[in-house]
1. Suppose each label sits 7 Å from its Cα in the direction of the beta carbon; what would the residue 36-residue 184 distance come out to in nanometres?
2. Which of 60, 217, 73 moves the most in a Gaussian network model of the chain with Cα springs under 10 Å?
3. So what's the projected area for region 40-116, the Cα convex hull averaged over all directions, in nm²?
4. Could you pull the Rg and Dmax for region 113-220, using just the Cα atoms, both in Å?
5. Going Cα to Cα from residue 21, which aspartates and glutamates come in below 20 Å? Please leave out same-chain ones fewer than 8 positions away.
6. Counting helices only, and only those DSSP H runs with n ≥ 4, report the 222 nm mean residue ellipticity of the chain as the sum of -39,500 (n - 2.57) divided by its residues, in deg cm²/dmol to the nearest 500.
7. Distance check, please: which entries in 5/73; 5/116; 196/252; 4/150; 116/202 exceed 20 angstrom between their Cα atoms?
8. Can you tally the net charge around residue 25? Count Lys and Arg as +1, Asp and Glu as -1, for every other residue whose Cβ sits under 12 Å from the Cβ of residue 25.
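Nothing in this text is a laboratory measurement; each read-out follows from the coordinates by a stated rule. Computed from a prediction, not measured in an experiment: that's the story for all the values here. When we count neighbours, we look across all protein chains shown, and the Cβ atoms used for this are built from the backbone with ideal geometry, even at glycine.
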Amino acid sequence: MIGKKFILTGGTGGLGESILKELIHRGAQVLVIGRNGEQLKSYTEHYQHIAVYQLDLSDKEQVSALITHIRSKGESYDGIINNAGYGYFKTFLDHTDDEVTDMFNVNVVHALRLQKGLLPVLRPGASIVNIASQAARVTTPYGSIYAATKAALLSFSDALRLEHPEFHVMTVNPGPIATNFFSRADATGRYEILTKGIQLDKDALAREIVAGMTDRKLEVNRPLWMHHGLTLYNLAPRSIEKLFRRFFLSKKP
């Protein structure tokens, strides 16, 4: 990856920084996009071969401005990694209208707008990596909106792969990751405690993601036992929901 150039969204999140470090370790140049201005500034002081851009992905105008900014520079890139995203673990009725709208905008709508706007700056063979979730493949009570956004992102990615064979499209479907995602998703802290023993290491996952880009994988699914379990689940989902009802309600506030 020496000298290759990538665009990384959600770069100021836990997994985002781990992906950034792995790309830099492999000799890549990275345009880091994130919300946290202070963290972006610290990146410029600690990492070489990066550029930063502060962006609120829920803001339509800011997304349009970013697309214009990147395309106006006349540079081409070897890939875009869409890592931005967040969720809430609460009942459907407890979500406000703004929460639903913003979550779909960040996780799906504006992520797709960004990818559409940046396809012209991607070189043939470039990687398009979308970080989805194992939640996209399973019934997720008390996380319905988040799961719906990730299911939409996963479905889009699979279609994009066939529409644009000139690009390498890879989806990443992780289970719980040891990051600060839970502090926003579940203020009670209950789900983080319940999943403590199975949370993925963000640095290890980042290495697998970047290695997957190099190896041209179509999917990265972790943990594997969860992926295989959900494959069986999809054969008889309603029956398994009845048998493992307590597990499916683990996000209940």
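1. Between residue 36 and residue 184, the label points sit 1.1 nm apart.
2. 73
3. Values: hull surface 26.5 nm².
Over all viewing directions, region 40-116 projects a mean Cα-hull area of 6.6 nm².
4. 15.4, 46
5. 38, 45, 78, 201, 203, 208, 215
6. Working: 12 runs with 117 residues, N = 253.
Calculated from helices alone, the mean residue ellipticity at 222 nm is -13500 deg cm²/dmol.
7. On the way: 5/73 14 Å; 5/116 18 Å; 196/252 16 Å; 4/150 28 Å; 116/202 28 Å.
Long pairs (Cα-Cα over 20 Å): 4/150; 116/202.
8. Working: positive: 21, 26, 207; negative: 22, 203.
Summing Lys and Arg as +1 and Asp and Glu as -1 gives +1.
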